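Q: Supplied in structure tokens, the structure appears directly below.
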Amino acid sequence: MIVGSQKPIDEIWSMVKDFKKVLVFGCNTCVAICHAGGEKEAETIAALIRMKASQEGKQLTVDHLGVMRHCEPEYFEPVIDKVKSYDLVLSTACGVGVNFLSDRTGTVPVYPGINTSFYGAVEAPGVFKELCAGCGNCILHLTGGLCPIARCSKTLMNGPCGGTNKGKCEVSSEIDCVWYLIVERMKKLGTLDKLTEVQPPRNWSTSRDGGPRRISMEHIREFEEKEAAKARM
Amino acid sequence: MASNDTCTLEPYRPYGAEIKETRPYSPCRAACPAHTDVQAYVALIAQGKYTEAFEVITSVNPIASVCSMICHHPCEQSCRRCGIDEPLAVRHLKRFAIEKSRDYRRAKRRLIAKTKGKSIGIIGSGPSGLTAARDLADFGYSVTIYERHPVLGGMLASAIPPYRLPREVLNEDINDVVSKGVEVKTNFEVGKDAKLDDLTKKHDAVLIAIGLSQSRSLNIPGERGPGVMLAIPFLEDVAFNRKPALGEKVLVIGGGNVAMDVARSARRLGVNNVEMVCLENEQEIPAWKWEVDEAVEEAIKINYRWGPKAVLREGDRVKGLEVTKVLSVFDANKRFAPTFDPNVTTLLEADTIIITIGQMSNLSFLKDSAVKVDERGRVEWNPATQMSSARNVFVAGEVVTGPGSAIAAVANGHRSALAMHLYLQGESIEGRLPAQEKEKIAPMPAEVVEKIGKLPRLKIKHVAPEVRVKTMDHFEEGYTEKEALEEASRCRGCGGGAVVDKNKCMACLTCMRVCPYGAPVVQAYSEIRPEYCQACGLCAPECPDQAISMVSYDVREIRNSLQATIGKIDASRREPVIAALLCTNHAGILGFDLPKNVKTVPVHCTSRIDILDMLKAFEAGADGVAVVRCNDGTCKYRDITPRVNARVKRVQELLGMLKIEPGRLEILSTASDNGGNLYAGVCAEFSERVKKIGMRTK
């Protein structure tokens, strides 16, 4: 899932202070799981903005709302008219949701209420950990299922580097050295010999190269376009 | 009462009434023939909302005062606390709420407008007749009750002895019904003062609710003659204070609850030597166990497993009852089929014998009427329509259902009233009367039971046996307010717990991680199993999607009410405005005297206090917010405090972002055994600390 964390109220305040009618719009999937931007957090942020407005002597109407996901139009379409009735939408969805909604609110701006951080897992209640970088070319079968792209500070394909230190990364003793973990894991799997194979330089064209990525499923698109054409006739 | 002082009544609906109809009932409610929402009214009592509790009770039970004295309370027998320690004392709590609401109920008596333009005659004014009268008056019909006794109430007035049911208690219920504009004809015996046909011509519909007012007799040798009487005439004499003549040694034949009434009344008429004889043994005896225990306390001897054979006399005078040893009472199919050992007989000496072996209806008034009686002497009826064989004549209560409880007769009276209403509106009845059996929540799983602390039921006091047998006075004391609040807080809130909106839930597992009782099961969405849920409310404030609500209370109630509770902030105030969110468990709220600057929001447990509730208090202008919890040792739930602490910490962080001093929010705890003074103490101390921080200007 996508993990994010709330922006500090001062930063949020600087975004919203010049508007009269603000909607804090929560997204009830990924960012709700990490307690950053679900409906509950949207209501909390709305309360904080109102309190800040009162401290600043500003008149501001701040409401909140939540839908299941901001990244599929069907979820927010039922409330889009209400959303568009505000001067500003402070979305607490991930960056995907903010982008996606921004295209669909006409003249109403959509600002981010949270910082979208990474793709991660719930390591323990309240602990979220980055495990994938979305690089577009998965090599986890070569590394014991543990990702050096996301989890190695240097994104090394042939690790570990000289900075590994008793299983920790030289960047911080809080960070596990993933190459250490990969070695231990592959020992356990009995596939350590695979690591003697040197990985060639990586082709990054599937990642941040060549502009934003888009995947189109031709069989679904073809069907959908035919249906749409039928509907137009 | 002036005619313009009439109204139509909307029945009171407690919070969650609608959703409860879509879910399994709490076992107490399912067990009550009238389906009284016990969980709702016990929770209201625990909150000190006594008149609201009264409304919940009386919404389905027109003889609530009566039931608060004499109900056999199947709710208690099915209480899920039975599996933990002892059932909740539901009947005593009911009595407490009703007695607390006396002035309220009297003030709200109103004539009901007769909007339907149709009239109904009801024969009999016992539980089913009174219930039907109330419902039909509420529907807007003109209702006339015909009662052969000088007072209303049926057996409640003419047979239940006053030591069990004080008449002023009964009269509260009767006055509720009569005040609606129900016409009453007492000393009016249908069959003597008028024929049934006269009534069916006079009214658009007639209800037969005559109960079982005739005692059965035994037909054994020696039965006829002085010294042998039947239960009902005897009880009528007791009820109307006619002092029946008894000898020095009374023998009551029978082991049912009416036999107990007879024997215990005989004791109260000054007979020291009262015995009973019944076919059954201690386990089989049909009377309620508490009746047996109380009778034994009153020095009444019960001769078990003897069957009456003959009344022996010396001349006219009764010498005793010859009895035969009973071998068994029930056959293999548990049907009543007593067997005897004719070789073992004995004489039970007595000079007075009272036969209490069951009752039947007096149906002589049905002769030559369109209402058919079957070959076994019972009124023919259709339970699906509550109709007799005559089109506009309906039936209710024990005359057709056979002997049962008062509350069962109430339930049947409701059915008849609805049936008559449908009939008079030209609608079909079949399939429209509510199901009598309701699905109920499963027993509490063992793994949950072991997580719940034992808390014994608060006993109520009885007048000592040697004192109580000297009068016909009621012998049971009620709860004090503190006791009632404590007992009410023992309720586990079955059926009042958490519900997930599956359209909002995204199966994040938070509730599953939070719940101390393992109630949520998360698959495509979370489902909170009602047999596990203890309605503590811990999960709802944790749900990131706000997908969890509670059946028994509005999870947004606190934050929605805080602005009004705190009120307008005086800019020149000298004392800080404190909002105190108080756990009211264990009657902690009673008698406390908080400083004026402390605004209180009572909550059933701090578990339900949301981060948003605390923020809202600050948003409403509070200078300080106290979350006041009970001591860990007295909490009726478990694992609450660490979660609430975490919420308080989070709010302190958020306040910090707004440069509001975190010290303005504290979680306080106090022992509550001594009532509210300790609450007052901790709140006053907190108020002083906030005062040092200063008043909030922004």
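The values are calculated or read from the model by the stated rules, or taken from the named source; none is laboratory data. From a predicted model like this one, the values you see are computed outputs, not experimental measurements. Reconstructed Cβ throughout: ideal geometry from the backbone, glycine too, with neighbour counts over all protein chains shown.
Q: Taking residue B:233 as meeting all but one of (1) surrounded by 16 or more Cβ atoms within 10 Å (Cβ to Cβ); (2) under 21 Å from residue B:127 (Cα atoms), write down the number of the exception.
A: All conditions are met except number (1).
Q: In segment A:21-49, what count of residues is obtained for those that are in contact with a Phe, Trp or Tyr (Cβ under 6 Å, 6 or more places away or on another chain) and part of a loop (DSSP other than H, G, I, E, B)?
A: Within segment A:21-49, residues that are in contact with a Phe, Trp or Tyr (Cβ under 6 Å, 6 or more places away or on another chain) and part of a loop (DSSP other than H, G, I, E, B) number 1.
Q: Can you pull out the residues in segment A:1-28 that are touching a helix residue (DSSP H, G or I) at 6+ places or on another chain (Cβ under 9 Å) and within 12 Å of another protein chain (Cβ to nearest Cβ)?
A: Passing the criteria: A:1, A:6, A:7, A:8, A:9, A:10, A:12, A:13, A:26, A:27, A:28.
Q: Consider residue B:549 carefully, then state whether it is within 27 Å of the chain's Cα centre (by Cα), within 14 Å of chain A (Cβ to nearest Cβ) and not acidic (Asp, Glu).
A: yes
Q: Any residue in segment A:116-136 that is assigned to a strand (DSSP E or B), within 23 Å of residue A:13 (Cα to Cα) and under 12 Å from the mean Cα position of the chain (by Cα)?
A: yes
Q: While we're here: Which one of the conditions (1) under 15 Å from residue A:16 (Cβ atoms); (2) within 13 Å of chain B (Cβ to nearest Cβ); (3) touching a residue at least 40 places away in the same chain (Cβ under 8 Å); (4) within 23 Å of the chain's Cα centre (by Cα) does residue A:91 fail to meet, given that it meets all the rest?
A: So the condition that residue A:91 fails would be (2).
Q: Ok, one more. Just need a number here: residues in segment B:656-665 that are farther than 16 Å from residue B:578 by Cα and surrounded by 15 or more Cβ atoms within 10 Å (Cβ to Cβ).
A: Summing the residues that are farther than 16 Å from residue B:578 by Cα and surrounded by 15 or more Cβ atoms within 10 Å (Cβ to Cβ) in segment B:656-665 gives 2.
Q: Regarding segment A:187-194, can at least one residue be identified that is surrounded by 14 or more Cβ atoms within 10 Å (Cβ to Cβ) and either under 20 Å from residue A:132 (Cβ atoms) or touching a residue at least 60 places away in the same chain (Cβ under 8 Å) (or both)?
A: no
Q: Checking residue B:621 against (1) away from chain A (no Cβ under 14 Å); (2) small (Gly, Ala, Ser); (3) surrounded by fewer than 24 Cβ atoms within 10 Å (Cβ to Cβ), which test does it fail?
A: Every listed condition holds for residue B:621 apart from (1).
Q: Turning to a different aspect of this structure: Quick one: in segment B:473-519, which of the residues that are among the aliphatic types (A, V, I, L, M) and within 14 Å of chain A (Cβ to nearest Cβ) is farthest from residue B:88 (Cα to Cα)?
A: For segment B:473-519, the residue satisfying everything is B:506.
Q: Now a separate question. Can you name the residue in segment A:48-67 that is within 28 Å of residue B:511 (Cα to Cα) and surrounded by fewer than 21 Cβ atoms within 10 Å (Cβ to Cβ) and, of all such residues, is nearest to the other protein chains (Cβ to nearest Cβ)?
A: Going through the qualifying residues, I end up with A:65.
Q: Further question: Of everything in segment A:70-99, what is aromatic (Phe, Trp, Tyr) and either assigned to a strand (DSSP E or B) or surrounded by 20 or more Cβ atoms within 10 Å (Cβ to Cβ) (or both)? Give them in sequence order.
A: Scanning segment A:70-99 gives A:76, A:86.
Q: Among the residues of segment B:68-95, which ones are surrounded by 24 or more Cβ atoms within 10 Å (Cβ to Cβ) and polar (S, T, N, Q)?
A: Answer for segment B:68-95, where residues must be surrounded by 24 or more Cβ atoms within 10 Å (Cβ to Cβ) and polar (S, T, N, Q): just B:68.
Q: Could you check segment B:636-668 and list, in sequence order, the residues that are small (Gly, Ala, Ser) and over 47 Å from the mean Cα position of the chain (by Cα)?
A: Scanning segment B:636-668 gives a single hit, B:656.
Q: Same structure again: Looking at segment B:608-654 only, could you name the residues that are among the acidic types (Asp, Glu) and in a loop (DSSP other than H, G, I, E, B)?
A: B:610, B:623, B:639
Q: In addition: Pick out the one residue from A:77, A:39 that is away from every other protein chain (no Cβ under 11 Å) and farther than 24 Å from residue A:129 by Cβ.
A: Matching residue, one of A:77, A:39: A:77.
Q: Given segment A:140-233, what helices (runs of 4 or more DSSP H) lie entirely inside it while holding 2 or more residues that are closer than 27 Å to residue A:120 by Cβ?
A: A:148-151, A:178-189
Q: Starting from segment B:339-364, take each residue that is without any contact (Cβ under 8 Å) to a residue 40 or more places away in the chain and list its partners that are basic (Lys, Arg), counting only C-beta distances under 7 angstrom and pairs at least six apart or across chains.
A: Going by the 7 Å Cβ cut-off, the qualifying pairs are B:340/B:325; B:341/B:325; B:344/B:325; B:345/B:309.
Q: Please work out which one of (1) touching a strand residue (DSSP E or B) at 6+ places or on another chain (Cβ under 8 Å); (2) modelled with pLDDT of 95 or more; (3) among the aliphatic types (A, V, I, L, M) is the condition residue A:133 fails and give its number.
A: The one condition residue A:133 does not meet is (2).
Q: For the structure I just gave you, tell me whether residue A:144 is without any contact (Cβ under 8 Å) to a residue 40 or more places away in the chain and either more than 14 Å from chain B (Cβ to nearest Cβ) or surrounded by fewer than 20 Cβ atoms within 10 Å (Cβ to Cβ) (or both).
A: The answer is no for residue A:144.
Q: Can you give me the number of residues within segment A:24-49 that are touching a residue at least 40 places away in the same chain (Cβ under 8 Å) and out of contact with any Leu (no Cβ under 6 Å at 6 or more places or on another chain)?
A: Residues that pass the stated criteria total 16.
Q: Among the residues of segment B:73-90, how many are more than 12 Å from the chain's Cα centre (by Cα), closer than 15 Å to residue B:495 by Cα and not in a loop (DSSP other than H, G, I, E, B)?
A: Total satisfying the criteria: 2.
Q: Within segment B:362-401, restricting attention to residues that are of a type in the set (A, V, I, L, M) and in a loop (DSSP other than H, G, I, E, B), which residue is farthest from the chain's Cα centre (by Cα)?
A: B:370
Q: Now, a different point. So which helices (runs of 4 or more DSSP H) stay within segment B:95-214 end to end and still have 3 or more residues that are under 26 Å from residue B:386 (Cα atoms) and touching a residue at least 60 places away in the same chain (Cβ under 8 Å)?
A: Those helices (runs of 4 or more DSSP H) span B:127-139, B:155-158, B:167-178, B:196-202.
Q: Now for a separate question. Consider segment B:407-447. How many of its residues are of a type in the set (A, V, I, L, M), buried (at least 19 other Cβ atoms within 10 Å of the Cβ) and in a helix (DSSP H, G or I)?
A: The number of residues fulfilling the criteria is 10.
Q: Also, quick follow-up: For the condition within 14 Å of chain B (Cβ to nearest Cβ) and either closer than 26 Å to residue B:540 by Cα or of a type outside the set (A, V, I, L, M, F, W, C) (or both), what is the one hit in A:116, A:44, A:107?
A: Going through A:116, A:44, A:107 in turn, the sole match is A:44.
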